[in-house]
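To start, the structure under review is shown below, and the notes come after it.
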Amino acid sequence: MSPAALFAAIYVPNFILQAIGRCEPELRTRPLAIIDGPPPTYQVVALNRLAEILGVARGMTKAAVTQFAHVTIRTRCRVREEAAHAALLDVAWSITPRVEDAAPDTLLIDISGLTTLFGDAEAIASEIASRASTFGMNVQAAVSANVETARIVARALPGPTIVPEGQERRFLETLPVSMLSPRQELSDIFERWGVTTCKALASLPVLALSECVGQEGVRLQAIASGKGIRPLLLAEPAQHFEEWFELDEAVDDLEALSFLLGRLLDQLSVRLSARALSIAAVRVNFELQPAFDHAFDTSCELLRVKPSARTFSCNLELPVPTRDSKLLLKLLRLRLQSRPPDAPIQKIRMAAQSSLARVTQGALFVPTAPDPDKLELTIARIASVVGERNVGSPQLLDSHRSDAFHMQKFSIAAAGVNTSESAAKHFTNNNLQNSSDHHSTTEAPVIALHVFRPPVPARVRLQGSKPAFASFQGCSGKVVHASGPWRSSGQWWEDQPWQEDAWDLEIIFSGESPARHGLYRFCYDGIQEKWLVRGVYD
Amino acid sequence: MYVELHARSAFSFLEGAATPEQLASTCSSLGMTSMTLLDRDGLYGAPRFYLAAQKIGIRAHIGAEVTCVQGWRYPLLVTSPEGYKNLCRLITRMKLRAAKGEGAVETKELESASGGLICLTGGDEGPLAYALRTAGREGVRRCLEQLSVVFGRENVYVELQRHFSIEEERRNRVAIELAGSLHLPLLATNGVCHALPVQREILDVFTCLRHHRVLSNAGRLLSCNSERYLKSPLQMNALFADLPEAIANTEELAARLQFTLKDLGYKFPIYSTPNHQSQMDFLRDRTRDGMIHRYGAQNERATLQIQRELALIEKLDLAGYFLIVWDIVRFCRENNILVQGRGSAANSAVCYSLGITAVDPVGMNLLFERFLSEERGEWPDIDLDLPSGDQRERAIQYVYERYGKLGAAMTANVITYRGKSAAREIGKVLSFDPETLNRLASLVSAWEYTDSNDTLTRQFKDAGLDLSNHRILKFFELCQKVQDLPRHLGQHSGGMVVCQGQLDSVVPLEPATMPGRVVVQWDKEDCADMGIVKVDLLGLGMMAVLEDSIQLIRAHNKEEIDLGLLPQDDEKVYSALQRADTIGLFQVESRAQMSCLPRLKPKCFYDIVVQVAIIRPGPIVGKMVHPYLNRRQGREAVESLHPSLESTLSRTLGVPLFQEQLLRIAMIAAGFSGGEAEELRRAFGFKRSEARMKEVEIKLRHGMENQGIIGGTQDKIVQAITSFALYGFPESHAASFALIAYASAFLKCHYLAAFTAAMLNNQPMGFYQPATLIKDAQRHGLKFKPIDITRSQWLCTIEESAEGLLVRVGLRYVKGLRKETALQILAQRNRQPFTSIEDLKQRVPHLQKDEMRVLASIGALNFISSKARMHRRSALWQVERAGRPAGVLFEAHVRTDDSDRSSLFSPLDPMNDQERLIADFHGTGLTTGHHPMTQHRVHLNRSGVSPASRLGSLRDGSLVRVAGAVIVRQRPGTAKGFVFLSLEDETGVANIIITPQLFERDHTVVVHNSFLMIEGVLQNQDGVISVKAGIIKPFHLTSAAAPAHDFH
């Protein structure tokens, strides 16, 4: 065999469809349409021949496709496309390390000198097709001494195609110029010129063409003539680490799940270790078994509008990157213990965010902080007991609702700053502080409100519209002074609006000697129609 | 008794959520006797508030919140006419010196303008709150003392508001204490921003729009609660039970507010006559001169009518008004600006004699009372039609010059929240993603007609949206609530108000977006309601066409056309109208008009008046069209509603078609006076109220009973009047339009080249796209020349050739070619012809590559070289070469070699017919070549497709197949869901009718395809030819097609 350069192109026709069919092979024998687009404007982006025969066409809306009773509709799944692409790369890398990742559906590989391994060009092309089919994909392969010719022919012609050296132009001449993937501007120029085929482009005088459309035009013309030569741009190894696990039988036991999670974490850890990287974050997505009430409802419309809890995710963000898979497993277990999924798990998808390993130590004069790993573990343990939403640093929300806040993730670095900031905000927001008049704050004594979280249920008797008697937590007493109501309401645009009347009440508790006075913040929840004690003034 | 003295309406633009009318009616229902409207920096809502209050019997106090440069707002209440003038001038001053929508007063300005005004200390935005925030208690004291100095101690009230806010209560305590120590009165108000508690939601949405936020991140910018609604005296008494004097003071202060908008102080300017002649005498003289010219000296009827009119004009002291309008018309005449009065002015013989209108009301027996009546007590309405564009602007500028900057202004146009724009803004505030937003906005249907199945539920389901979603439901609720609330102030297209003296003391003025323009804060209707005289200077595209046509005829046909002297019985005109050959004609070119013309067969001018008026919602809804046409064709007996109405209805064969007839019916059958009849029309007009309609109906019935008209006849007459009053077309208006329609038909029939060129130069206008106008003119024998850079001007021009006059399409039709670049091309060409594309590029450096590409692709560069003609692809090849810089090294070489380069052979094949057609449509939206259907005719004939021109010769009921480009799609509101298409082929236009069921089935095919093939049953009735579609298919022949005139 001659040592001359030889390239193969691998092209997956109807890639979007094949990416779906690869995971669900049974769909290949049914009319299938893949839809995509923003939720209300779904359109068909791919379909198989069976669907086409029934009258489905690209660009049809979902509503139009649903009129074809026999057509199965699937939503485009980019994760599956990524997986299919990764698989395609695996196919290529199983042949040669010299691979160019030309497009999600197209790879170019250098097969020079491989004839001793696989046989002649035809045999290599067939081998590629055969290996791809074991990965669940039908591909079109083409072999040529010219890499661009191989790429174009693979996209244009079905089946393994061998372009004999010197015959490139003949193979290309009937193909449309669009196969050369020109830039939009050039494409428009060719269209205006009436240059529609590779032959027409190839026949233009080179110099004049160069004057008109520059070097890009000349390059395309060379490709159209089967003459363009270029080296392969070799694909870089992926930076994305992801593992999938699909279970035949759904798992609902944490022990069994821990075993699987441990295995996935080990795999990820080993892969990252090999590249001297650590794990900065782990994202685990569980696909859950459909709940009984959803089992018979396959209407995508319903799923879209009311997203059912069919997926469950659990994320770990680590304060410092680690490779310790046992620590990660413990954290994941604690997370799952405190907030378990509400249905058995069918599928696990674990993705690791990589980061360089920690190589520096803490500064000499900085006070010692807890070990980040241990702190994270401790916080996770607390969260498993009190609930995830109840751990962290509080941050006040911009709202008229008194005491509206949410919990932010606690971190040592931000803790100092957060505390002072939130204290300052609280100071400015607190209704009890006369924020509008700093003069009066110096005149009036500052009193603090100890807030009850959650607020304490209370019973209040009114006289006219004012509270006259209040009882809560086993104490009761007469209201001697009432100030209010301070009325607020909001979020009327949400499912759960709020509306409350706050009162500052001075109460003399009965049955105690000497009589005990108390100054409380009460509120009446207008939506739930309940009285609550929000706090007590010091 | 509590009186609300601080309320904002939606005219505070995004700071209030209720209309003035809503506030007034809520106020009345709460038992309050008066109320004050204080909108932000303006009196925008004042007239509506005043009129609404007047109607329900409460007093409307006027005022405004005026922003000062430091940021707070002074709530100012008007006590006297002086105060009103001061307030108007203050607002005008601050507005005119700032950009649109901005402006603030200096405190020192208040000192000179405080007379007649009362100042409150305001709520959150008031001076007191601002002082407390920035300088504490001492600041408040200083603020109150300063206000007392500026406005006088007796004119400052310390305002207290209670919205259950702890913050506000603290402020109140400081205010009460200091008011006591400074001996200032307390005043309770509720700082109202909406009429009802539920409108707080709208207010929150507005707040978000104002601050460019969404509800979820607006936080404390939103209202704290819903307490800023209009509260009853009982509620307010309870709120201020501890401060009864604050409540009592409201009544006391209300009693001091003596000013109402009744005392506006508006005076119409006096026309200065020569030789100190009185205005009335001068008018009499001008009218007499005009009458002799129009009627001749001996016309007794005209003389009597004019005398009657002049007597009334004198009685109502309106001579000045007529003279001012006459003056504008005179200016237009002297400056060769075509002008014609329309509207009810056409009912006046004085207007006709003065040359304001062109319709003879005496000859046509028009009703003068429709124009002017003693009872109505309002200014007459004269609208002047002018050619749209620069000519109209000249007339407007003349009025400004004549009456001064503060003596004349445009009326405002209140832009309200409507349809899609409202949906989009509310969706944004509710944080819908852009796609859902588009989806939701599209649900606010663009269809004029929606069938009964188009329920909200179905629309939502079709759009894939969940109705049970709280947010989506809120979206629709809000969309409905926000409809018609004011959004911002625009400028009315032509309404001008003029004033004797200072207009800025009558109504505040503002700068308009257009430089040099000033607008008043009230819209046209409000100005009319307030008795301010307006003159409408309206731009009419067809007037511009007529004017341009006259000039082209003068230049090329060497004839002078006087529209007033056109022969009235031109055979060609009536023949074209009878055949519905009316593409491009004024008012009679629509599809509905075309289907009516062959049945109505106009034979005289009055028939055109009827034709213009008959295809209107009034006659259609009132089911008058068919009876009229049947009677005209002798298929139905001519019967009047009542024998006494015979003379009134005889001209329209017993069928009421015009508003004037309706008024006459009321006058004859129910004994109404002219003014009462006009009152009836207004009661049923746009601002109709059920109660008022009922009232008028009772009066009408009572009047008819007195005349002995009872039972079924009475019901019939009432039915005719009620169903017709809203939509009926005034006869005078129809006559004015008919004149223009006739003139356009005359010019089209006799001077097709000039008329078509003028039409093409005034696009967009009318019903049809330029492509259709050209094809229609070609079918009438006119030849066109394509755009050629060596010959074309910016506008379409007329060229003289051996074959006669032909039209050269102008550069304005080259898509993407900027006017200034085109003018540079023309300037360079005039200096020296271009020799090559390279030469063109070098001499017009601003010419961009895309512009050159379009020019080349449409063949405009084919003749650029005098040596040889290029084909379009050759030009495209050269353009690409010319567009690329040669680089410094080769620049000199290129320059010397230019001529060789341009004559170089291009390796590209010429375009074929199909490609040329596509390039024409892509580059210009029209073609002067063959119709896209022409080249397929042989094939179409074989497939049994009839050309449009053959349909007329086929039998009614026969099955036909037609194909063509869709030029019009319509689904009129009055057609019960039927869709009408116009399909154009090279022989003419075929009219297609699609049933609602078929449309529902083939909706996508009908809406999304440029070319259609339709099979159906031919309807050939009375010369009206249409095809009732049975099968609709897309017809794929080329991507070239002009956009259709869709669903208008």
Legend entry - Residues located in region A:475-497, provided they are open to solvent by less than 60 Å² (accessible area, probe 1.4 Å), in contact (Cβ under 8 Å) with a residue 12 or more places away in the chain and within 11 Å of chain B (Cβ to nearest Cβ): A:Ser483, A:Gly484, A:Pro485, A:Trp486, A:Ser488, A:Ser489, A:Gly490, A:Pro497
Inset, instruction - May I ask you to list pairs of residues, at least six apart or on different chains, whose Cβ atoms are under 8 Å apart, with the first in region B:220-236 being more than 7 Å from chain A (Cβ to nearest Cβ) and the second being among the basic types (Lys, Arg) and open to solvent by 40 Å² or more (accessible area, probe 1.4 Å)? - result: B:Leu221/B:Arg213
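Can you name the residue in region A:202-214 that is under 47 Å from the mean Cα position of the chain (by Cα) and within 11 Å of chain B (Cβ to nearest Cβ) and, of all such residues, is most open to solvent (accessible area, probe 1.4 Å)?
In the first step, residues of region A:202-214 are kept if they are under 47 Å from the mean Cα position of the chain (by Cα); the result is A:202, A:209-210, A:212-214.
Pick out the ones that are also within 11 Å of chain B (Cβ to nearest Cβ) and you get A:209-210, A:212-214.
On the way: A:Leu209: 0, A:Ser210: 34, A:Cys212: 1, A:Val213: 8, A:Gly214: 5 Å².
My answer is A:Ser210.
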Inset, instruction - Check off (1) open to solvent by less than 30 Å² (accessible area, probe 1.4 Å); (2) modelled with pLDDT of 90 or more; (3) assigned to a helix (DSSP H, G or I) for B:Asn862 and give me the number that stays unchecked. - result: (3)
Inset, instruction - Among the numbered conditions (1) closer than 30 Å to B:Gln997 by Cβ; (2) out of contact with any helix residue (DSSP H, G or I) (no Cβ under 8 Å at 6 or more places or on another chain); (3) at pLDDT 80 or above, tell me where B:Tyr449 comes up short. - result: (3)
Inset, instruction - Scan the helices (runs of 4 or more DSSP H) fully inside region A:243-319 and keep the ones with 2 or more residues being open to solvent by 70 Å² or more (accessible area, probe 1.4 Å), modelled with pLDDT under 60 and more than 14 Å from chain B (Cβ to nearest Cβ). - result: A:254-274, A:292-295
Inset, instruction - Output the residues belonging to region B:402-436 that are touching a helix residue (DSSP H, G or I) at 6+ places or on another chain (Cβ under 7 Å), more than 10 Å from chain A (Cβ to nearest Cβ) and without any contact (Cβ under 8 Å) to a residue 24 or more places away in the chain. - result: B:Arg424
Inset, instruction - Could you check, for region B:993-1000, whether at least one of its residues is touching a strand residue (DSSP E or B) at 6+ places or on another chain (Cβ under 6 Å) and assigned to a strand (DSSP E or B)? - result: yes
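Tell me whether region A:34-48 contains one or more residues that are under 26 Å from A:Ala5 (Cα atoms) and either away from chain B (no Cβ under 14 Å) or in a loop (DSSP other than H, G, I, E, B) (or both). Give the steps one after another, and end with the answer.
If we filter region A:34-48 for residues that are under 26 Å from A:Ala5 (Cα atoms), which is where we start, we get none.
No; the residues of region A:34-48 include none that is under 26 Å from A:Ala5 (Cα atoms) and either away from chain B (no Cβ under 14 Å) or in a loop (DSSP other than H, G, I, E, B) (or both).
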Legend entry - Lone qualifier among B:Glu154, B:Glu169, B:Glu145 - being of a type in the set (Asp, Glu), free of Cβ contacts under 8 Å to residues at least 40 places away in the same chain, open to solvent by 10 Å² or more (accessible area, probe 1.4 Å) and touching a Leu at 6+ places or on another chain (Cβ under 8 Å): B:Glu145
Inset, instruction - Name every residue in region A:168-201 that is more than 12 Å from chain B (Cβ to nearest Cβ), more than 23 Å from B:Gln914 (Cβ to Cβ) and either free of Cβ contacts under 8 Å to residues at least 24 places away in the same chain or assigned to a helix (DSSP H, G or I) (or both), in order of residue number. - result: A:Glu168, A:Arg169, A:Arg170, A:Phe171, A:Leu172, A:Met179, A:Leu180, A:Ser181, A:Gln184
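Among the residues of region B:956-972, which ones are assigned to a loop (DSSP other than H, G, I, E, B) and either at pLDDT 90 or above or touching a Pro at 6+ places or on another chain (Cβ under 8 Å) (or both)?
Here is the first cut: in region B:956-972, the residues assigned to a loop (DSSP other than H, G, I, E, B) are B:956-958, B:971-972.
If the condition is that a residue be assigned to a loop (DSSP other than H, G, I, E, B) and either at pLDDT 90 or above or touching a Pro at 6+ places or on another chain (Cβ under 8 Å) (or both), then B:Asp956, B:Gly957, B:Ser958 are the ones that fit.
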Legend entry - Within region A:54-99, considering residues that are in a loop (DSSP other than H, G, I, E, B) and of a type in the set (S, T, N, Q), the one least open to solvent (accessible area, probe 1.4 Å): A:Thr96
Inset, instruction - List every residue pair whose Cβ atoms sit under 7 Å apart, with the two residues 6 or more apart in sequence or on different chains, where the first one lies in region B:774-789 and is within 12 Å of B:Glu986 (Cβ to Cβ) and the second, anywhere, is assigned to a helix (DSSP H, G or I) and open to solvent by 20 Å² or more (accessible area, probe 1.4 Å). - result: none
Legend entry - Which listed residue, of B:Gly389, B:Gly341, is buried (at least 24 other Cβ atoms within 10 Å of the Cβ) and within 22 Å of the chain's Cα centre (by Cα): B:Gly341
Inset, instruction - Could you check B:Ala297 against (1) among the hydrophobic types (A, V, I, L, M, F, W, C); (2) part of a helix (DSSP H, G or I); (3) open to solvent by 20 Å² or more (accessible area, probe 1.4 Å) and say which number it fails? - result: (2)
Legend entry - Enumeration of residues in region B:250-262 that are part of a helix (DSSP H, G or I) and open to solvent by 20 Å² or more (accessible area, probe 1.4 Å): B:Glu251, B:Glu252, B:Ala255, B:Arg256, B:Lys262
Inset, instruction - Restrict the check to region A:21-32 and report whether at least one residue is within 14 Å of chain B (Cβ to nearest Cβ), modelled with pLDDT of 85 or more, farther than 30 Å from A:Leu232 by Cα and open to solvent by 30 Å² or more (accessible area, probe 1.4 Å). - result: no
Inset, instruction - Please enumerate the residues belonging to region B:1008-1028 that are under 32 Å from the mean Cα position of the chain (by Cα) and either among the small types (Gly, Ala, Ser) or open to solvent by 40 Å² or more (accessible area, probe 1.4 Å) (or both). - result: B:His1008, B:Ser1010
Inset, instruction - For region B:810-829, indicate whether the set of residues that are under 29 Å from B:Ile608 (Cβ atoms) and in contact (Cβ under 8 Å) with a residue 40 or more places away in the chain is non-empty. - result: no
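Yes/no per residue for (1) open to solvent by 30 Å² or more (accessible area, probe 1.4 Å); (2) within 19 Å of B:Thr36 (Cβ to Cβ); (3) at pLDDT 95 or above; (4) within 12 Å of chain A (Cβ to nearest Cβ):
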site	(1), (2), (3), (4)
B:Leu110	no, yes, no, no
B:Leu117	no, yes, yes, no
B:Gly136	no, no, no, yes
B:Leu187	no, yes, yes, no
Inset, instruction - Go over the candidates B:Leu96, B:Leu23 one by one and state the one that is of a type in the set (A, V, I, L, M) and surrounded by fewer than 23 Cβ atoms within 10 Å (Cβ to Cβ). - result: B:Leu96
Inset, instruction - Might you check whether a residue that is open to solvent by 10 Å² or more (accessible area, probe 1.4 Å), at pLDDT 95 or above and not charged (D, E, K, R) occurs anywhere in region B:808-816? - result: yes
Inset, instruction - Please work out which one of (1) open to solvent by 70 Å² or more (accessible area, probe 1.4 Å); (2) more than 28 Å from B:Ala18 (Cα to Cα) is the condition B:Pro274 fails and give its number. - result: (1)
Legend entry - region B:844-878 - residue that is charged (D, E, K, R) and out of contact with any Phe, Trp or Tyr (no Cβ under 7 Å at 6 or more places or on another chain) and, of those, nearest to the other protein chains (Cβ to nearest Cβ): B:Arg853
Legend entry - Restricting region A:498-528 to residues that are in contact with a Gly (Cβ under 9 Å, 6 or more places away or on another chain) and among the hydroxyl-bearing types (Ser, Thr, Tyr), the residue that is surrounded by the most Cβ atoms within 10 Å (Cβ to Cβ): A:Tyr520
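The values are calculated or read from the model by the stated rules, or taken from the named source; none is laboratory data. What you are looking at is a predicted structure, and each value in this text was computed from that prediction instead of being measured. Neighbour counts are summed over all protein chains in view; Cβ atoms, including those assigned to glycine, are modelled from backbone coordinates with ideal geometry. Side chains are part of the model used for accessible areas, which takes the heavy atoms of the whole protein and leaves out ligands, DNA and RNA. Shrake-Rupley method; radii C 1.70, N 1.55, O 1.52, S 1.80 Å.
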